[in-house]
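Since the structure comes first, as structure tokens, the remarks are kept for the end.
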Amino acid sequence: MTKLKSIAIIDDDPITVFGIKRMLSTLNVSENINSYVNGKEAIDDFKRFIKNKEEVPEVIFLDINMPVMDGWQFLEEFITLHIAHKIRINILTSSIDPVDRENWKRYMTLTHHIIDYKNKPIQKKEIEEITKAA
């Protein structure tokens, strides 16, 4: 399997971040795994990558409920960035609000990127499938 150049985890829960990083490291799918505690940190970094002609992470694990900039606000800005290749965005949430599923479906129609929706906690097998598909 080809290794991914970069993966981003955007989540304010340190336990979730630790768990995803741990599973990713055992799968050995990427050398570069960055984490951000909110969407603002991530979007600012991604804009810097684009400005410097660096690659945006190929796979993003995105929480919905975060301080400063939540996952929906992040997506709103992310889909306006000029990124030609498809990024695989995996929304991870513990939310049971049907509005979140409706938002996900709406964002899928607004972009060429691949957006998936999974409930926390995510399992190692799901991470393996996500990173293979990327």
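Read-outs throughout are calculated quantities, based only on the coordinates presented, and are distinct from any laboratory measurement. Small disclaimer: the values here were computed from a predicted structure and weren't measured. Cβ sites come from the backbone with ideal geometry, for glycine too, and all protein chains shown count toward neighbours.
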Query raised in the report: Which residues in region 110-134 have a backbone N closer than 18 Å to a point placed 7 Å from the Cα of residue 85 along the Cα-to-Cβ line?
Result: 112-115, 130-134
Report summary line: Given backbone amide H placed at 1.01 Å from N, residues whose amide H is under 5 Å from that of residue 66, ignoring those fewer than 5 places away on the same chain, are 71
Query raised in the report: For residue 118, which lysines qualify as cross-link partners when the Cα separation must be under 21 Å and same-chain residues fewer than eight apart are set aside?
Result: 21, 86, 105, 132
Report task. Take every Cα pair under 8 Å in the chain that's 6+ residues apart, average their separations, divide by the length, and report that relative contact order as a whole percent. Result -> 25
Query - Simple label model, 7 Å out from Cα along Cβ direction - residue 109 to residue 129, nm - result: 2.5
Requested in this report: Please say if region 24-134 is rounded, prolate or oblate, where rounded means a/c under 1.5 for a ≥ b ≥ c the square roots of the C-alpha gyration tensor eigenvalues, and otherwise the choice is prolate for a/b larger than b/c and oblate otherwise?
Outcome: rounded
Requested in this report: Using a 10 Å Cβ count of at most 16 others and DSSP loop calls, identify the longest part of the chain lacking such trypsin sites (Lys or Arg not before Pro).
Outcome: 87-134
Query raised in the report: Can you give the helix-only mean residue ellipticity at 222 nm for the chain, where every DSSP H stretch with n ≥ 4 adds -39500 (n - 2.57) and the sum goes over all residues, rounded to the nearest 500 deg cm²/dmol?
Result: -13500 deg cm²/dmol
Query - Extended-chain gain in nm, criterion 0.36 nm per residue less alpha-carbon gap, residue 18 and residue 99 - result: 26.4 nm
Report summary line: Inter-part gap, Cα centre of region 1-26 to Cα centre of region 69-103, in whole angstrom, is 17
